Amino acid sequence: MQEFVYAIQDPDGIHARPAGLLVKKMQEFSSAVTMGRENAAAVDGKKLFALMKLRVKKGENLLVRAEGEDEEAAIEAARTFLSGNL
């Protein structure tokens with residue numbers, strides 16, 4: 001399992017357009033991907049409505065975890081996406 005924490009920078013937090021693109025990107029990987037606030041329940045990072053229900057705002061931390069054969073690539077893709085879009 002690999003994980004990282006990302007502080008959301010977008011003034012609107014995680015919102016529909018980038019969340020949809022992030023989910024689509026995570027669906028490219030066979031690894032299980034979860035996302036959530038630190039010290040809170042995580043959701044399936046490949047499900048748009050689950051990700052939107054987190055309601056992560058600007059300045060809050062998002063914990064991203066991946067576990068599986070391509071976990072390293074999934075984590076790197078998530079990190080790259082988040083830093084470029086959220």
Query raised in the report: Across segment 2-16, what is the number of residues that are closer than 24 Å to S30 by Cβ and modelled with pLDDT of 90 or more?
Result: 5
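For every residue, the table says whether it meets (1) modelled with pLDDT of 95 or more; (2) at negative phi.
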{"position": "P18", "(1), (2)": "no, yes"}
{"position": "L21", "(1), (2)": "no, yes"}
{"position": "F29", "(1), (2)": "yes, yes"}
{"position": "V33", "(1), (2)": "yes, yes"}
{"position": "A42", "(1), (2)": "no, yes"}
{"position": "G45", "(1), (2)": "no, yes"}
{"position": "A50", "(1), (2)": "no, yes"}
{"position": "K53", "(1), (2)": "no, yes"}
{"position": "G59", "(1), (2)": "no, no"}
Query raised in the report: Only one of these conditions is not met by S30: (1) touching a strand residue (DSSP E or B) at 6+ places or on another chain (Cβ under 9 Å); (2) farther than 14 Å from V5 by Cα; (3) of a type in the set (S, T, Y). Which number is it?
Result: (1)
Query raised in the report: Out of segment 50-67, which residues are surrounded by fewer than 14 Cβ atoms within 10 Å (Cβ to Cβ) and without any contact (Cβ under 8 Å) to a residue 40 or more places away in the chain?
Result: K53
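The values are calculated or read from the model by the stated rules, or taken from the named source; none is laboratory data. On a predicted model such as this, the values are computed, not experimentally measured, just so you know. With ideal geometry, Cβ positions are generated from the backbone for all residues, glycine too; neighbour counts draw on all protein chains shown.
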